Amino acid sequence: MSPPSAPTPFKDHFSAHAAGYARHRPSYPPRLASWLAGIAPARSLALDCGCGTGQFSTLLAQEFEQVVATDASAQQIAHARQHPRVRYGVAPAERSGLADGSVDLVSAAQAAHWFDLPGFYAEARRVLRPRGCLALISYGVASMDGEPGALLLDWHDRILGPYWPPERKLVQEGYRSLPFPFPEREAPPMDVGAQWSLDELLGYVDTWSALRPALAALGRAPLDAFRQELGRVWGAPGLRRSITWPLSLRVGCLP
């Protein structure tokens, strides 16, 4: 008999910048957690895998009695948002440590593209109770109107394009090409939205997984030029502009 295959190495793009991730990542719409809770068989326990600093975990806690939130990065967990109904733990998505058939909802928000998917799907099937649901959630490229929006897209696509991890493509296509071996449910259309100042947007850009490889290869000059040009077309530094991200869902429930 062949020995079991080794687990997929954890691709850690965010631990070194966990504090910035906690401050500058956008929040999910409350309607998303409400809809997922409505299709789950009960609202006792949700498992949020790859939780990062808890942006979605704390939203689920408004709908579920308890949320177990796990991430393979200890630094992300150390900077997670606290909530009395959220219990954080350092663990890979494939090994939650929860009991068989104990979970109403398993979620992975902006995280499934980093997982060992076969292992994660097996773990979801193990912990979900009958009619329990799995939700893969992703948001794509941020968009704004006018010149700031055009500059942001150029920075994302042209300058940083060669430095994005290959998994980024899965996010941009809304996880449509991922295998999803669960009976699928159609989700209502939703977006992520924010009203951000220039500094808040630049803080978000600083969390992108392509930025460090680009800085290592190109130096700081392109980033400094982007910041300067964006400031020139932004308007008053305190001006808040509307930013949206397309939200994509793959949702399935067990029989």
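Considering the range 33-61, the residues that are surrounded by fewer than 23 Cβ atoms within 10 Å (Cβ to Cβ) and closer than 21 Å to Trp245 by Cβ include one that is modelled with the lowest pLDDT, namely Gln55. The residues in the range 32-56 that are closer than 21 Å to Arg131 by Cα and in contact (Cβ under 8 Å) with a residue 12 or more places away in the chain can be counted, and the count is 17.
If you go through the range 179-192 and keep only what is assigned to a loop (DSSP other than H, G, I, E, B), closer than 16 Å to Leu247 by Cβ and in contact with a helix residue (DSSP H, G or I) (Cβ under 8 Å, 6 or more places away or on another chain), you end up with Ala187, Pro188, Met190.
Any idea which residue in the range 118-142 is farthest from Trp35 (Cα to Cα), counting only those that are surrounded by 19 or more Cβ atoms within 10 Å (Cβ to Cβ) and aliphatic (A, V, I, L, M)? The residue in question is Ala142.
In this structure, is Pro255 under 25 Å from Pro118 (Cβ atoms) and either without any contact (Cβ under 8 Å) to a residue 60 or more places away in the chain or exposed (fewer than 13 other Cβ atoms within 10 Å of the Cβ) (or both)?
Numbers: under 25 Å from Pro118 (Cβ atoms): yes; either without any contact (Cβ under 8 Å) to a residue 60 or more places away in the chain or exposed (fewer than 13 other Cβ atoms within 10 Å of the Cβ) (or both): yes.
Taking the combined requirement at face value, the residue satisfies it.
For first residues located in the range 133-152 and closer than 21 Å to Ser248 by Cα and modelled with pLDDT of 95 or more, partners that are crowded, with 23+ Cβ neighbours inside 10 Å and of a type in the set (S, T, N, Q) and lie 6+ apart or on another chain with Cβ distances below 6 Å form the pairs Ala135/Ser107. Which members of the range 102-119 meet the condition of being outside any helix (DSSP H, G or I) and out of contact with any Pro (no Cβ under 7 Å at 6 or more places or on another chain)? Selection gives Ser102, Val103, Leu105, Val106, Ser107, Ala108, Ala109, Gln110, Ala111, Phe115. Residues that are more than 27 Å from Arg126 (Cα to Cα), hydroxyl-bearing (Ser, Thr, Tyr) and either part of a loop (DSSP other than H, G, I, E, B) or at pLDDT 95 or above (or both): does the range 14-21 have at least one? No: zero hits. Within the range 19-58, if we keep just the residues that are within 21 Å of Pro84 (Cβ to Cβ) and among the charged types (D, E, K, R), the residue that is nearest to the chain's Cα centre (by Cα) turns out to be Asp48.
Matching residues to (1) acidic (Asp, Glu); (2) touching a strand residue (DSSP E or B) at 6+ places or on another chain (Cβ under 9 Å); (3) farther than 14 Å from Cys51 by Cβ:
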| site | (1), (2), (3) |
| --- | --- |
| Arg85 | no, yes, no |
| Tyr88 | no, yes, no |
| Pro92 | no, yes, no |
| Ala99 | no, no, yes |
| Ser102 | no, yes, yes |
| Ser107 | no, yes, no |
| Ala111 | no, yes, no |
| Phe115 | no, yes, no |
| Phe120 | no, yes, no |
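What residue, among those in the range 156-177 that are touching a strand residue (DSSP E or B) at 6+ places or on another chain (Cβ under 9 Å) and loosely packed, with under 15 Cβ neighbours inside 10 Å, is farthest from Tyr121 (Cα to Cα)? Out of the qualifying residues, it is Glu173.
Under the condition of being within 22 Å of Glu167 (Cβ to Cβ) and touching a residue at least 12 places away in the same chain (Cβ under 8 Å), the residues counted in the range 177-186 number 6.
The set of residues in the range 62-95 being out of contact with any Phe, Trp or Tyr (no Cβ under 7 Å at 6 or more places or on another chain), assigned to a loop (DSSP other than H, G, I, E, B) and buried (at least 22 other Cβ atoms within 10 Å of the Cβ) consists of Phe64 alone. Of everything listed in (1) within 18 Å of the chain's Cα centre (by Cα); (2) small (Gly, Ala, Ser); (3) in a strand (DSSP E or B), the single unmet condition for Ala124 is (3).
The values are calculated or read from the model by the stated rules, or taken from the named source; none is laboratory data. Keep in mind the model is a prediction, meaning the values are calculated, not measured. A quick note on method: Cβ atoms are made from the backbone with ideal geometry, for glycine too, and the neighbour counts reach across all protein chains shown.
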